[in-house]
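Some notes on the structure that comes next.
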Amino acid sequence: MNKWLVILIAALTFSGCSSQNSKDSYTKNDDRTIEVGNPYSPGTGHYAGYEWAERTGGSCAGNSDSFNEGCEEYYRQISLSKN
């Protein structure tokens, strides 16, 4: 596993991220309700990827599939919230 990914995951785990349990929801024009927030468990690669994308707005091209999937989930939610 990439050394930097391990450091990133450890930093997120011990930083007490405020969005850990917070989700926002809103109703779109066609009456669909969209849940926005990190759906993953803290300490996982998915969680770290989601948090990283939310903080940095960077690309989802890490060395871990789970990190990349978490990152992509953030952008999926953003895309849905704008439609």
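The values are calculated or read from the model by the stated rules, or taken from the named source; none is laboratory data. Source: prediction; values computed, not measured. Methodologically, a virtual Cβ is constructed for each residue, glycine included, from the backbone with ideal geometry; neighbour enumeration extends over all protein chains shown.
Some notes on this structure:
- The single condition among (1) at pLDDT below 95; (2) surrounded by 16 or more Cβ atoms within 10 Å (Cβ to Cβ) that Ser22 does not satisfy is (2).
- Qualifying positions in region 28-68 - modelled with pLDDT of 95 or more, surrounded by fewer than 16 Cβ atoms within 10 Å (Cβ to Cβ) and of a type in the set (Asp, Glu): Asp65
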